[in-house]
Every structure is written in C-alpha cells, then in structure tokens.
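Report on one structure; see the data block that follows.
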Amino acid sequence: MLQNVHASYLMLCYLGSIFYLLVFRGNIILGGGASARALMFRSNNIVARIFERQIRTPPPGTSVHCARRFYENLVPSYTIYDVECPDHLFRKFTDDGQYLICFSRNHQELIVYRPTWLSFSCTEEDCDVHDLPPKAKKFDSFFTQLYCVSLASSNELICKDFFLYMESNRFGLFATSTAQIHDAPAVGGAIQGVPSIEKITFHLLRLEDGVVLDEKVFNDDFVNLAHNMGVFLYDDLLAIVSLRYQTVHILQIRDSGNLVDVRAIGAFCREDDELFLNSNAPSMGIRDKSKQHQLTENHVENGLQQSRLSPENAFVSGIKQRLLSFIFRGIWNEETNHTLRVQYLKKKFYFHFQDYIDLIIWKVQFLDRHHLLIKFGSVDGAVSRTTDHHPAFFAVYNMETTDIVAFYQNNADELYLLFEHFCDHFHTTSKNSLYMNFISSHSNNIHTREQLRSLRNKATSSSQFVKKMLASLPINSQALSPSPYFDQSLYRFDEKLISAADRHRQSTDHPIKFILRRPPQTLRFKIKPGPEGGNIDNRTKKISSFLFHPFLPFALSIQQTLFLQPSAVNVHFRR
Amino acid sequence: MLRCFADYRHLRGESVCERLRSSGLASSRIWNLDLVFIWAPHLDLDLAASEKSGAFVIMGSVLGDWPSYDPHNFSQLRPSDPSTPSKMTPTTYQPTHNRTLPPPDQVITTETKNILLRHIYQRAEEKLRPKRAAPEHLLPEHGCKQLRASVQDTPC
C-alpha cells in the first residue's frame, strides 16, 4: 500500500499538475483541475473501469448511475436458440430477481422457478473457442423449480396477465376468475353495461415456499385484471376497482400475510357513512326499509357488509357527491357577480349534469398513501380497449379528508404539465424498491425527454397530443421492467420491437439491436427471438415477448404464434 | 504544489489534527504532515482500524523522503512537545444581531406530501383564493354530519 501510494504520488508530482491528495478510508481519490481530468479519460474497457471505480468516487447522487454503466460491458450477447423448456406460460421475473413466475398451459397452476446460472467447467487452455456443452443448453441449467401450486379449481382460470409482487415480504398476488358473463342484469346496485364475473379470487402467496396466505373473493363482480389494470399496489396498500359496483376497495397486506380491509370508497366515503345514513333513513323518507333488506348482500367474504343503493334513490352519496359538489363550487367560485355565476352554472354544470351523474370510475392509482388519482369516464368506455373517443376525467381524491382536491378533463393542459414535469411521482413506488427510481421516464432521462419533445412538436393538435399522453394515466402497477438494458441513457433500441413494458409485440425475423448511447455508440448486443435460422413459415403472424432479469445479463425471449402451438424460447445471457 | 498543501492544511488540517489528538490516538508523527488526510465521518473508528491492521496511516516525518518545494514551509508548525495538547481552537463568528435567529419552536422536518401533490394543492388553493368572500355561506362546515344531512335534503 505504501509503495502504491508513493509511486502514484511521484507520478503525479512529475506531471506537474496541481492537485491535492485525500485519503478516504485507505483508498486514494484524485480530484483536480482540467489537466487532471485529461488524464482520467473514460475508457470502455471493463478493467480500466474497475480500476477507476477503485480510485474515484462518482459525483454526488450518481453512484447508481455510475454503477449501471457497467451494464455497457456486461451484455447478454450469447443466445441459445430454441431451448427445450417445459411448456409453461412465462409471466415475468420478480423485480428483485429472485423468482421466475410461470403458469401452466391450462391456466390452473402456478410454477415458480429460481433463476440460477450455468455451472460447468472447462479445463482446456482456451475455453472461449469452445461452444457450450449440450447439457448446458437446457432450461434446467438456468432455472431450478421451486414448487408447483394449484391455484384455480375446476371452473376457474388463473388470469395470466395479472401478477403483483410485494418485495418487502416476498409476497405475490395472483388472481383467478370464472368465466365472464357479458349481459349481466344490473341488480343490487350494479351498473348496466359492465360484464359480470361470478367469482374473482385474489390469492396472496408467500413466494419462498408457495403457501397461500390469504384470499379475497369478489362475487358477481368485475375487476379489470388484464395487465394489472384494475388493481394498484403501493407499498402495502392495494386498491381494487370493482367496476360493476363502482367501489374502490382499499386493502392492506400485513406482514403476517393477511389481507385486511381498510375502506371501500364508492357509495360511501367514510367508514361510518353507511351507519349514519341507515340510522337516519326514516327521517329522510327516501329509502324504504323493506327495499333495504332486499338489497343488502354479502359481497365480500371477509365479513364486510355493504348495502347497495337502489337506483331510485333521490340523492347522490359517496364519491359522486364529492365530485359534483367540487365541480359546483369550482364554477361558483369563478365569478363574484351573482347573475354571471348562475349563468356559468347553467352552462357548465347543469347542462352537463346528466353526464356528470353518469360518470363511472374507470381506473385508480395511488399518488401517496392518502391520495388517489381516479379516472372517470362513461360506461361504454369502461371495458373497451380504445378509450380515445370517450370523454374522461381525472380527479385527485384525498382518502383521509374525503375531499376531491382537483378535477381535470383528459385534455387539460394543467394536468399534462404536471405529468410532464413530475412523471416519476405518478409512477409511485414503494420506499423499499430503490431500483424503481431508475426506470427511464421523461422526468429522469434526457433522451426520453427529447423523444417526448419531438412527439409534441410533431403533433398536429395539442389537445389530441395531451389526450394521448394522459391516456396512460393512471399507470398500471409494476408494468415496467427495471432491467438496466432498457435504460435510455445506456442503450438505444427500437421501441416498437422491444421496451420495458411487458407487452406482446409483433415479432420480426431481424434481431433487435441494442446500441450504446455513449461514444463509441456501437452495437453491443442483439436479441433475436425465434429459431436461429429464422422462421420457415413467414405467413403466420408471430408475437414475441421478452423477459429480462432485473439485474443479471440474462433475458428470455418467447416467440409464439397466435394458435396454441408451443412457443420458441431463446435464452440470451452473457457467456 | 506544497504551498497548496499548506493552505489546505491550515484550513482543515489543524482541526483534523485536533480531533485526532483529542481522541487519544494521536502521535507525534501527526504534526509532521505534508499531506492532509481527511477521514470519513467516523473519524476515530477509521484511525483505530487502520492502526490495528498496520496499514499505512500517516506519512513519516517532515519531508523525510518526500520531495518538497520549500523545506521551510512547515518550520513554524512543528510543536516541540507532543504531550501538551494544542491550544488552537478554530475561530468562530458570533452574529451581532438576532434577525436571523430561528423561532424558538422551529422544527425542521421533511414535507410529507410529495412535490406533485404540493403543486396540485397549490393550484387548487389558487383557484379558491380570489373568490373567498362570496362562497362562505355556501360551504357546509367540514366534519359536521348533521349539517351535511340538512344540506343534502334540498335538491342541488
């Protein structure tokens, strides 16, 4: 240590630069003027980078970014084509990289693997020349099966697009449901036009051993399960949107594994609203007591009873009332002149009153533990895929004070500005998972921001552009992969072919290139789904999906045809 | 180059040496510094650890083997007796007025609302603010259920 210090000190002296040496826990850090920096050119060589990491601390607040630069050197460049693997539906890697979640083809079982790595040895001189031994090129070399649990009973199916992971306790949330009934009658407070599912069960599993810790059942209800749309996980709070009964159920996942009801927002805002309204029902003369008994149903097995208001009720309660009164007060406050005020009210509020009454909750997300961002829209747009032509509104709701804080239409510039500046705060994550803060968004990445800017400049109509951007709100929970290979400041890739969102994409025969953003801006690796020689049959449409491990240089690409043929799975890893 | 060392040492080195000295782990070698060492926050710990492990801590005596620009640079700072603690205290500045005193009950904490919510609340308050006078009678009091019921009785 003394010799190293002495030698480097002498070297620097001789070069005549002006610096000062600081010792930091036994290591040496160099800092200094421009001439000093010229010495410390950034090499792309991994050894040089490791050495520089030893002797230099990164600028404050950038230690994770500097560490991620090593992902420019460690890339999944080697591909094993068409690995023989069990015929499962591969869902995703958990965000801490501990498990690979798969479902069986019949959508009834859950299989969990642990990702490991190859282990084989090569005793010869030059091992790089040799190809991998055939027994290494198997699925089992990379994954060990932990367990296989049957979640769905005979007539239920696991929803293969739904999976939420609670990292702090390593719990996974899965959903099973029976078949959808499309023309369900609107009984018991349900709204017309929304399909009904006889039974939806949410299973909370401990992923270490596959033990089902708790279940939550919704009967004759509808929750949009595709891609986690109807459920949002924030820390330990779950928000489940029951579209059919227009209620947002807030549940808490305890450390013991229990799903505990916190509140149900919809017909009632506070926990004791129902008690109050029921106790005052005779004085109001609106609700008939006999009707009340008919309508009370047990919808939630854990014992929470809710009585459903009949549509003949003369007053609007719950969140709808909050919303209408907020809109009313907003318009009232715009003008001090009474006649003008009444005029505005007529024009803006009463004219659209029926539309406001008909609004239903589409989607919900947490902004923090007390605030919800709720998307309202018309009944038609609730279940349809394309929501562009349907008007939509956003409201920020404070659960504690039961106040609506803000209300925007979906082409509001104000909300778009907030989205543009504070996008990361919409992608709310739990405090525990720090890596989620580094998923590229246009608030934390200059390249993404440039893309957004260019989109905005190209857009013909600004309100259409705003609508398109705000259509992504509220965001889906855990929809983006935290893999550093999707970091826009490290790599450039074709967003249409592959991206951090785990959606199926059109598959092409050409490999997907990942090009470095920084100089030398070369191609670093390619991901090619499908068999090595390309597809024989080019007529059938193929879709591919990609599963990237959160931190290892490892990816799975799965190519499947639309018919239920076995999929071609490629393993991409760093050899 | 060593002039820079000297200046730096005047700024920081004395207080560092003072702390080292006061921690009881100092030795005479400290004074013969031509390089300043700043430790991580846990000053005493680091020193103890490196002394134990025998790693190189302080570079020998003044200009022992080390090249220096002017050997007389450090002549003034050589205390003769290592046992007497240094009397140097860093100069402190006392304010002559109390305009900048914080209020006595001030507690500094992190704002719980994140910046997005802060902006949303700010905009909401801006919308309400200029028209404060008129809607007073319209707003029912919050948290008073009886009042709310009577307001709801009348159709909107």
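Take the residues in the range A:228-257 that are aromatic (Phe, Trp, Tyr) and closer than 22 Å to A:Leu213 by Cα; name whichever of them is farthest from the chain's Cα centre (by Cα). Among those that are aromatic (Phe, Trp, Tyr) and closer than 22 Å to A:Leu213 by Cα, it is A:Tyr234. Note on the range A:506-560: residues that are buried (at least 17 other Cβ atoms within 10 Å of the Cβ), outside any loop (DSSP other than H, G, I, E, B) and in contact with a Leu (Cβ under 6 Å, 6 or more places away or on another chain) total 5. Listed conditions (1) under 35 Å from the mean Cα position of the chain (by Cα); (2) away from chain B (no Cβ under 12 Å) are all met by A:Leu367, apart from (2). Every listed requirement among (1) surrounded by 18 or more Cβ atoms within 10 Å (Cβ to Cβ); (2) at pLDDT 90 or above is met by A:Glu208 save one, (1). Taking the criterion of being among the charged types (D, E, K, R) and under 28 Å from A:His427 (Cα atoms), the residues of the range B:86-117 that qualify are B:Glu111, B:Lys113. Across the range A:418-477, the number of residues qualifying as closer than 28 Å to A:His549 by Cα, among the basic types (Lys, Arg) and modelled with pLDDT of 90 or more comes to 1.
The set of residues from the range A:469-486 being in contact (Cβ under 8 Å) with a residue 60 or more places away in the chain, closer than 25 Å to A:Arg456 by Cα and touching an Asp or Glu at 6+ places or on another chain (Cβ under 9 Å) comprises A:Ala471, A:Ala479. Scanning the range A:315-332 for residues that are of a type in the set (S, T, N, Q) and assigned to a helix (DSSP H, G or I) yields A:Gln321, A:Ser325.
Which of the residues belonging to the range A:333-351 are in a loop (DSSP other than H, G, I, E, B) and either surrounded by 14 or more Cβ atoms within 10 Å (Cβ to Cβ) or at pLDDT below 85 (or both)? Result: A:Asn333, A:Glu334, A:Glu335, A:Thr336.
Taking the criterion of being among the aromatic types (Phe, Trp, Tyr) and more than 14 Å from every other protein chain (Cβ to nearest Cβ), would at least one residue in the range A:413-432 satisfy it? Among the residues of the range A:413-432, not one is among the aromatic types (Phe, Trp, Tyr) and more than 14 Å from every other protein chain (Cβ to nearest Cβ), which makes the answer no.
Within the range B:110-122, being more than 7 Å from chain A (Cβ to nearest Cβ) and modelled with pLDDT of 90 or more holds for B:Arg118, B:Gln122. Are any of the residues in the range A:158-176 among the hydroxyl-bearing types (Ser, Thr, Tyr) and buried (at least 21 other Cβ atoms within 10 Å of the Cβ)? Yes, because at least one residue in the range A:158-176 is among the hydroxyl-bearing types (Ser, Thr, Tyr) and buried (at least 21 other Cβ atoms within 10 Å of the Cβ).
The values are calculated or read from the model by the stated rules, or taken from the named source; none is laboratory data. Note that the structure is predicted; figures quoted are calculated from it, not measured. Backbone-built Cβ (ideal geometry, glycine too); neighbour counts: all protein chains shown.
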